[in-house]
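The values are calculated or read from the model by the stated rules, or taken from the named source; none is laboratory data. What you see is a predicted model; the values in this text were computed from it and never measured. Remember, those area values only see protein heavy atoms, side chains included, never the ligands or the DNA or RNA. Shrake-Rupley method; radii C 1.70, N 1.55, O 1.52, S 1.80 Å.
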Amino acid sequence: QLAFKGTMKAFESTMGMGSSFGSVNLFATLDKNENFRSKVSLTDFELGRLMKDTAMYGPVTLTAETKGNGLDKNTVTAKIDAAVSKLNLNKYTYHNLTVDGNIHGQEFEGKVNLNDENAVFGFDGLVNINPNQEHYKFSLNVQGANLQKLNFTKDDIRICLNAAADLKGGTVNKINGTAGISGMVIAK
């Protein structure tokens with residue numbers, strides 16, 4: 001089912017779709033000043049079939065909301081909140097991933113948290129890949145990850161660590177700043 005009211009440059013639309021790829025529900029609005037809002041819900045959506053890589057990607061279930069302005073990737077500003085209840089990557093299904101942040105052009109500032117039974121981490125920071133403004137300033141706290149269960153290793157290896165970075169520059173030759181890992185524990 002699809003409902004669309006307006007023009008291509010200013011509209012309100014809802015869509016509900018069920019297919020062999022999974023189900024999608026979408027609500028989106030756009031006004032003449034490029035202000036937008038959207039809510040999307042995916043249930044067991046076959047990302048691997050869409051990306052034509054079923055070895056790496058599997059089904060995803062999520063809800064996400066965005067609100068912002070602008071349709072150009074270099075000038076868009078938006079607030080994003082997402083809750084991923086299920087995401088299959090590399091033949092492992094992750095649960096309880098949340099994203100809460102702001103986008104400014106090609107910059108993300110916010111938090112990403114995972115609370116899965118085999119991997120728990122928290123990311124808080126800024127990643128800016130706008131040309132000539134590259135900046136990576138973040139802290140990452142990996143409270144624990146079972147690399148065997150996540151299909152990264154064949155051996156039973158578990159890690160935890162804290163990482164922090166404040167780096168500027170877009171290429172390896174121009175990157176400058178500080179980065180470090182502390183409190184690392186590797187158990188086999």
For region 11-65, what's the relative contact order in percent, using C-alpha pairs closer than 8 Å and at least 6 residues apart? 28
If you build a Gaussian network model of the chain, linking Cα atoms that sit under 10 Å apart, which residue out of PHE27, PHE152, PHE36 swings the most? PHE152
Give the lysines whose C-alpha is closer than 23 Å to that of LYS137, dropping any in the same chain fewer than 8 places away, or say none. LYS73, LYS79, LYS111, LYS168, LYS174
Short to long, in 10 Å steps from zero, the percent of alpha-carbon pairs of region 1-118 per bin is 13, 34, 39, 13, 1
Carbon and sulfur %, accessible surface of the chain computed with the full protein complex present, 1.4 Å: 56
Got a sec to turn the phi values of region 9-25 into Karplus ³J(HN,Hα) couplings, 6.51 cos²θ - 1.76 cosθ + 1.60 with θ = phi - 60°, whole Hz, x for Gly and Pro? 9, 7, 7, 10, 9, 10, 8, x, 9, x, 8, 5, 7, x, 10, 9, 10
Residue-averaged [θ]222 nm for the chain, counting only DSSP H segments that reach four residues, each worth -39500 (n - 2.57): -500 deg cm²/dmol
Tell me the per residue accessible area of region 92-138 using a 1.4 Å probe; a whole number in Å² is fine. 53
Please label the shape of region 66-128 as rounded, prolate or oblate, based on the square roots a ≥ b ≥ c of the eigenvalues of the alpha-carbon gyration tensor (a/c under 1.5 means rounded; beyond that, a/b larger than b/c means prolate, else oblate). prolate
